[in-house]
1. Taking the stated definitions as given, is residue 228 in a strand (DSSP E or B), under 17 Å from the mean Cα position of the chain (by Cα) and farther than 16 Å from residue 105 by Cα?
2. Testing residue 35 on (1) closer than 25 Å to residue 181 by Cα; (2) surrounded by fewer than 24 Cβ atoms within 10 Å (Cβ to Cβ); (3) among the small types (Gly, Ala, Ser), one condition comes back false. Which one is that?
3. Just for helices (runs of 4 or more DSSP H) wholly inside the stretch 122-213: which have at least 1 residues that are modelled with pLDDT under 95, over 30 Å from residue 79 (Cα atoms) and of a type in the set (Asp, Glu)?
4. In the stretch 122-155, what residues are of a type outside the set (A, V, I, L, M) and surrounded by fewer than 17 Cβ atoms within 10 Å (Cβ to Cβ)?
5. Let me spell it out: the conditions are (1) in a loop (DSSP other than H, G, I, E, B); (2) surrounded by fewer than 20 Cβ atoms within 10 Å (Cβ to Cβ); (3) modelled with pLDDT of 95 or more, and residue 240 meets all of them except one. Which number is the exception?
6. Is it the case that some residue within the stretch 85-107 is without any contact (Cβ under 8 Å) to a residue 24 or more places away in the chain and either in contact with a Cys (Cβ under 9 Å, 6 or more places away or on another chain) or of a type in the set (Ser, Thr, Tyr) (or both)?
7. Select, from 36, 47, the only residue that is among the aliphatic types (A, V, I, L, M) and either under 24 Å from residue 124 (Cβ atoms) or touching a Pro at 6+ places or on another chain (Cβ under 6 Å) (or both).
8. Applying the selection to the stretch 128-158, what residues are out of contact with any Leu (no Cβ under 9 Å at 6 or more places or on another chain) and of a type outside the set (D, E, K, R)?
Amino acid sequence: MDINHPDAPNRIEVTYRDLPHGRMRARTAGRPVPGVPEVVLVQGMAVSDYLLPALAGLAKWTRAHLVDLPGLAGSGDPPHELDVPQYGASVAEWLDAADLGPVIVAGHSSGTQVAAQAAAQRPDAAVALVLASPTVDPIGRSVVRLLLRWRLDARHEPGDLSHSHRPEWLRAGPRRLAHIVRAHLDDHLEDILPEIAVPVLVLRGREDRLLTEAWARELARKARDGRFVDVPGAHTFVWPHPDAWSEPIRRLVA
């Protein structure tokens, strides 16, 4: 593990599972705690390493797993390019294979769309759904507008964040990155939330320029049992503030 962050986990377990949508890597930290659900975390848009410090924060009170989607980060290639429901199916397949019992399914950024699909497809596998910096806000639902909002948000992100992202962006390549952007623009998170029966926690960084507070609160209202919490930082608040989501998630399932 080559990540320059003071809160990166000291010990992680790496596993690979061969599943219908491709080989999937998962990195696990922490130990199971009786009576406390484990957390399964879905990566952001083509990048995963930046979530390791936040994984370590969750591992202080439960066992947590960071799952890489097929064709991205450390996972194998899928049989074909996937859309968001198919990415969700891959996470659902991973949950079936891991056999962890009901878990907290969490996603960051574009991972929120995938996490919501997985929770909808395997309702018995989730006790709660966490949407951290959810996408894609209607203010950015075109390639041009999304890139503009991303550039605005980058002004509020730590300078070392791109060093974590770059190797994984290179691994994905421009063609797959373009496909992923289009696939997530075509998927509307608010449409699936009313189908999800478990509690939903929406987290937004106060300086986030990709996500408005109004839309984040609307997502919480659309859920059957939703709540909204604001946290310090911009869209990728989990990098400079890796513990920021730990306590809200813990309270959600307390």
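The values are calculated or read from the model by the stated rules, or taken from the named source; none is laboratory data. Just so it is clear, the structure is predicted and the values come from calculations on it, not from any experiment. Reconstructed Cβ throughout: ideal geometry from the backbone, glycine too, with neighbour counts over all protein chains shown.
1. On the way: in a strand (DSSP E or B): yes; under 17 Å from the mean Cα position of the chain (by Cα): yes; farther than 16 Å from residue 105 by Cα: yes.
Against the criterion (in a strand (DSSP E or B), under 17 Å from the mean Cα position of the chain (by Cα) and farther than 16 Å from residue 105 by Cα), residue 228 qualifies.
2. (1)
3. Numbers: elements: 143-154, 161-186, 189-192.
Where helices (runs of 4 or more DSSP H) fall fully within the stretch 122-213 and carry at least 1 residues being modelled with pLDDT under 95, over 30 Å from residue 79 (Cα atoms) and of a type in the set (Asp, Glu), they are 143-154.
4. As a first pass, look at the stretch 122-155 and keep what is of a type outside the set (A, V, I, L, M): 122-124, 133-135, 137-138, 140-142, 145, 149-151, 153, 155.
Those that are of a type outside the set (A, V, I, L, M) and surrounded by fewer than 17 Cβ atoms within 10 Å (Cβ to Cβ): 123, 124, 138, 141, 142, 145, 150, 151, 155.
5. (3)
6. no
7. On the way: 47 fails: either under 24 Å from residue 124 (Cβ atoms) or touching a Pro at 6+ places or on another chain (Cβ under 6 Å) (or both).
Going through 36, 47 in turn, just one is among the aliphatic types (A, V, I, L, M) and either under 24 Å from residue 124 (Cβ atoms) or touching a Pro at 6+ places or on another chain (Cβ under 6 Å) (or both): 36.
8. Step one: filter the stretch 128-158 for residues out of contact with any Leu (no Cβ under 9 Å at 6 or more places or on another chain), giving 138, 144-145, 147-148, 151, 155-158.
If the condition is that a residue be out of contact with any Leu (no Cβ under 9 Å at 6 or more places or on another chain) and of a type outside the set (D, E, K, R), then 138, 144, 147, 148, 156, 158 are the ones that fit.
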